[in-house]
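Undergrad: Before I ask anything, here is the structure I am working with.
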Amino acid sequence: MSNRYEIREEIGKGGLGAVYLAFDTQLQREVAMKRVLTTEHGSAEEVQKAADNLLAEAQTLSTLNHPNIVTVFDVGQDEKGGFVVMELLNGETLDDTVARGVLTQEDFMEVVIQTMEALIAAQAANVLHRDLKPTNVMVIWQPSGKFQTKILDFGLAKLTKTPSVQTMDQDDAVMGSIYFMAPEQFERGELDERTDMYAIGCVYYHALTGQYPFRGETAPQVMSAHLQHRVTALEKLRPDLSPSICQWVMWLINRGMENRPGNAREALERFPTHPEPPGQEMAEEVMQAIPVEEAIPGHTTGVHVVAAPTHGAAPPSGMVITHHADGSVSQQLIVGPPKPKRTALKVVLAVAIVIVLGLAGILVTRTMTASKERAQLVSLSTQEKPAGGADEIGLAMKYLTGPYSPEEKGQARKILLNLHGSGVEEELVERLRSAPTPASRMILSQSLAERGNREAVPLMLEAVSKAADESEKKTILSAVRGIADDEHIDNVLDALGGQHSVEVRRMFEDIILAVFARKPRDQATVGPLLSRVSTTSGDEKRSLFRVLGTLGGDPVLTRLKSTFGSGQKSEQYDAMTGLLSWQDRGVVPILEEIINTTQDKALRVAAIRAYARVVALPAPGTPAALVGAWKKALELSENPNDVQRVMVAIADTPMPETRQLLADLMQDPKLKTMAVQYQSLMAKVEGLAVDLSPGEILPAVGSDQLRGDLNGVSYDEENKIFTNWRLPETWFSFHFKVREAGTYDIDVIQSYITEGTSSFQVVIGDKVFNTKARPTSEWEEYKPVQIEAGVALETGKIYTLHIRAKGVTQPRMMNLKGIKLVKQ
């Protein structure tokens, strides 16, 4: 590989391949490196095949040059095999975006345009992706607040000018992701551009609903749903969307290839860029509806026939949607009138009726039982706090794990979450021990977490080891986070030592951090972690250092100093993750020493990154001290992300000294463009600064006040509060001016019902105040935390006040409504 690329850490692994965070020493930038694993992980034939596929992927991507497709920088081979170097994307996959909430129509339209443009480029180069799914669509948020999507992982793509047949992988399983595969892929039929249209249509459906369009508890059930085309019409799940948007998505996922858009260009040309308002009928020129045949009890289910979207050219003329008794819908796009039924069909129906009548007694009994159970399910699910026990849990589990409709499964989930009564928790624990499906493991874990049942934590961690996919692991770990305590820390640490993706590993780290954050940062508290980090290696060691760095404290600082004073290079690399996670400027002296003395280029680059990060965090200081640290960080940093982090801190602190700093940076050829951008951002911040009278509340107004890691935290528009504050890496920034000069105290308006202490800091200018959340009787009750600050404020100046976690905190910190200035 030569010495050009320095491997930093593994960021993903699967099958016979792995992806690494690497540093390009020639161009001084971070990159993603994808390479095949060695024969330790598979046979020589498997490794060679994987290597050939990797190089084929690089060849495929090298033919494409589009802003919405990941870019290949380099390809090569060394003693460990072939590798491909690609751009490192700083964002999240579309499924993570959807996990926080389904897309609005406005955001969805932007996603469609960007992803379709990418597929147009791919298809113009005769490239089929064949594995489109939400995890292969990356969402990158820009400083402007806009987002960019990029399609990744062309590992299954083919360069082809003619239709190709679906192949199988080494496990004899159909390649691709089963929830998004087209019927012809299961049938091993010929694939073409319409196959990718089906897959991206399934991705769009998921982005708008948070659900898979074709569902099932097992792979064969999902496959059957695709092949029989059992799908709920999108407009039923999202009536708030424009009908033509819904109909366009359904057009993409038609069962027959001939009834889908021919390619991405045709699909985008017919996309409704100016759709009608939700709830309004489509214009005649866009869609002509065929009347609905109402379902009649005892007869066949009704059929609804509508035309497919036209948007500029006529697609197939009609779409037949069959509503089944279980609530699902079968859809088929047809051309021309239905064919007449044969007379022979009448004979078949007559025979069927005779058979049914002969079994009437059995069917009536079963129907009565099923109706009674269904009525009980509905009754329990509609109660806010249904009462029951083992029988009611058994009923809910039957519907959750059996072949029932999504609506019935949803009702079962509600029961399991809300049921109360004698022995309920014990029964839920027993059910979790042998839960047969991912859905049951997830909902039982969530139910026990909601009840605060700490006994279940080891079982939940065991369920994580059985999890079928990343989504299940993340759901269960989210439940563990809320209830894990000291008694479970060994279980969590043991589970951390397994093979995990980067996201899942971060969730384990978050659980450990949530437990230890409730304690003082003394030797007795962090000693066990410090001891354990000495006996581990690899990903686990780096995870522990990351937790220790986030916790901070003198014992951890002492360990880091000794590591960089005399430790081995490998341990220094691992310990650097602790410095990169540090939450204040206490590590600045260590970082400056590494930067000034180390001969290890990779270590120095990492130290510069850590330096840029910590000096951009909220900290008390005089204007001269703050500006001096930011200037030094900009002089040292080559990484655009680090430069951007520092520039955000500068723009977030409007004062004469920072305005002058941006003006000076305008003269720097490398930073001029960015300085212009952040001058605009500072102007926006200045526009947010409110003139406050004494005693007036400066409220929480939205995302413009959120800073740092925003995982979990949200702004409640209805109640005008920040809620779900979970991470110490999150903070809030308020900008204001005062109408009257004087000395002021500060009230932080908050609510807090979590058991235990949550400490936080208020930083303003060169002052810092450490205080604690004030308990309230409920989340809706707000009380002030009063700080006798004695801060001298002048009229005409813009002040920045930060609120951040510091010290002993809880998994959920206070809700924040605003601040109030009280004049002394």
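The values are calculated or read from the model by the stated rules, or taken from the named source; none is laboratory data. Small disclaimer: the values here were computed from a predicted structure and weren't measured. Quick reminder, even Gly has a Cβ in these numbers, built from the backbone with ideal geometry, and neighbours come from all protein chains shown. Calculation scope for accessible area: heavy atoms of the full protein, side chains included, ligands and nucleic acids excluded. Shrake-Rupley method; radii C 1.70, N 1.55, O 1.52, S 1.80 Å.
Undergrad: Scan the range 572-587 for residues that are farther than 19 Å from L551 by Cβ and either out of contact with any helix residue (DSSP H, G or I) (no Cβ under 8 Å at 6 or more places or on another chain) or of a type outside the set (F, W, Y) (or both) and jot them down.
TA: Correct list: Q572 only.
Undergrad: Mind counting the residues in the range 692-704 that are more than 23 Å from W779 (Cβ to Cβ), open to solvent by 60 Å² or more (accessible area, probe 1.4 Å) and in contact (Cβ under 8 Å) with a residue 40 or more places away in the chain?
TA: Result for the range 692-704: 1.
Undergrad: Just checking, does the range 398-405 include any residue being more than 29 Å from the chain's Cα centre (by Cα), assigned to a helix (DSSP H, G or I) and either touching a residue at least 40 places away in the same chain (Cβ under 8 Å) or over 24 Å from R481 (Cα atoms) (or both)?
TA: yes
Undergrad: Which of the helices (runs of 4 or more DSSP H) contained wholly in the range 596-689 include at least 3 residues that are farther than 27 Å from E6 by Cβ and open to solvent by 10 Å² or more (accessible area, probe 1.4 Å)?
TA: 623-636, 656-665, 672-688
Undergrad: Sticking with this one: State which residue is modelled with the lowest pLDDT when the search covers only the range 628-686 and only residues that are of a type in the set (G, A, S) and out of contact with any Phe, Trp or Tyr (no Cβ under 9 Å at 6 or more places or on another chain).
TA: S680
Undergrad: While we're looking at this one, here's another question. What pairs come out if I take residues in the range 621-635 that are under 19 Å from V768 (Cα atoms) and pair them with residues that are charged (D, E, K, R) whose C-beta lies under 6 Å away, six or more apart or interchain?
TA: G621/D766; T622/D766; P623/E657; V627/E657
Undergrad: Can P406 be described as in contact with a Ser or Thr (Cβ under 8 Å, 6 or more places away or on another chain) and either open to solvent by 30 Å² or more (accessible area, probe 1.4 Å) or polar (S, T, N, Q) (or both)?
TA: yes
Undergrad: I would also like to ask the following. Give K797, K823, K806, K817 a once-over and let me know the one that is among the basic types (K, R), under 23 Å from E696 (Cβ atoms) and under 33 Å from the mean Cα position of the chain (by Cα).
TA: K817
Undergrad: Oh, and also: Do any helices (runs of 4 or more DSSP H) entirely within the range 185-241 hold 3 or more residues that are surrounded by fewer than 21 Cβ atoms within 10 Å (Cβ to Cβ), and if so, which?
TA: 219-228, 234-237
Undergrad: With the requirement that a residue be in contact with a helix residue (DSSP H, G or I) (Cβ under 9 Å, 6 or more places away or on another chain) and assigned to a helix (DSSP H, G or I), what does the range 690-704 give you?
TA: D704
Undergrad: For a quick check of your reading of the model, give me the residue pairs whose first member lies in the range 80-107 and is closer than 15 Å to R35 by Cβ, whose second is acidic (D, E) and assigned to a helix (DSSP H, G or I), with beta-carbon atoms closer than 9 Å and at least 6 apart or on different chains.
TA: What qualifies is G82/D52; V84/E57.
Undergrad: Also: Any residue at all in the range 705-723 that's surrounded by 16 or more Cβ atoms within 10 Å (Cβ to Cβ), in a strand (DSSP E or B) and more than 24 Å from the chain's Cα centre (by Cα)?
TA: Scanning the range 705-723 turns up no residue that is surrounded by 16 or more Cβ atoms within 10 Å (Cβ to Cβ), in a strand (DSSP E or B) and more than 24 Å from the chain's Cα centre (by Cα).
Undergrad: Report whether or not G155 is crowded, with 19+ Cβ neighbours inside 10 Å and at pLDDT below 75.
TA: Here the answer is yes, as G155 does meet what is asked.
Undergrad: Hey, can you tell me all the residues within the range 75-103 that are modelled with pLDDT under 90 and in a loop (DSSP other than H, G, I, E, B)?
TA: Across the range 75-103, the qualifying residues are E79, K80, L88, L89, N90, G91, G101, V102.
Undergrad: Being aromatic (F, W, Y) and more than 36 Å from the chain's Cα centre (by Cα) is the filter here; which residues of the range 724-746 pass it?
TA: Answer for the range 724-746, where residues must be aromatic (F, W, Y) and more than 36 Å from the chain's Cα centre (by Cα): just Y744.
Undergrad: Could you check, for the range 791-801, whether at least one of its residues is surrounded by fewer than 21 Cβ atoms within 10 Å (Cβ to Cβ), modelled with pLDDT under 95 and out of contact with any Asp or Glu (no Cβ under 6 Å at 6 or more places or on another chain)?
TA: Yes - at least one qualifying residue is present in the range 791-801.
Undergrad: Quick test of your reading of the structure: G578 fulfils all but one of (1) in a helix (DSSP H, G or I); (2) touching a residue at least 60 places away in the same chain (Cβ under 8 Å). Name the failing condition by number.
TA: All conditions pass for G578, except number (2).
Undergrad: To continue, here is another question. Restricting to the range 502-530, and then to whatever is touching a Lys or Arg at 6+ places or on another chain (Cβ under 7 Å) and open to solvent by less than 30 Å² (accessible area, probe 1.4 Å), can you tell me which residue is farthest from T550 (Cα to Cα)?
TA: Result: V504.
Undergrad: Inside the range 536-592, can you point out the residues that are hydroxyl-bearing (S, T, Y), closer than 24 Å to E10 by Cα and open to solvent by 30 Å² or more (accessible area, probe 1.4 Å)?
TA: Answer for the range 536-592, where residues must be hydroxyl-bearing (S, T, Y), closer than 24 Å to E10 by Cα and open to solvent by 30 Å² or more (accessible area, probe 1.4 Å): S537, S570, Y573.
Undergrad: Of (1) over 19 Å from S381 (Cα atoms); (2) open to solvent by less than 60 Å² (accessible area, probe 1.4 Å); (3) at pLDDT 90 or above, E472 satisfies all except one. Which?
TA: (3)
Undergrad: Suppose the filter is of a type in the set (S, T, Y) and either in contact with a helix residue (DSSP H, G or I) (Cβ under 8 Å, 6 or more places away or on another chain) or closer than 30 Å to K474 by Cβ (or both); does S422 pass it?
TA: In short, no.
Undergrad: Next up: Kindly indicate the residue of the range 484-505 that is under 27 Å from E217 (Cβ atoms) and in a helix (DSSP H, G or I) and also modelled with the lowest pLDDT among those meeting that condition.
TA: So the residue we want is E503.
Residues checked against (1) in a strand (DSSP E or B); (2) over 24 Å from L692 (Cα atoms); (3) open to solvent by less than 50 Å² (accessible area, probe 1.4 Å); (4) touching a Gly at 6+ places or on another chain (Cβ under 6 Å):
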| site | (1), (2), (3), (4) |
| --- | --- |
| V768 | yes, no, no, no |
| T776 | no, yes, yes, no |
| E780 | no, yes, no, no |
| A789 | yes, no, yes, no |
| G807 | no, yes, yes, no |
| M813 | no, yes, yes, no |
| G818 | yes, no, yes, no |
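Undergrad: Looking at this structure, is E462 modelled with pLDDT under 90 and surrounded by 15 or more Cβ atoms within 10 Å (Cβ to Cβ)?
TA: no
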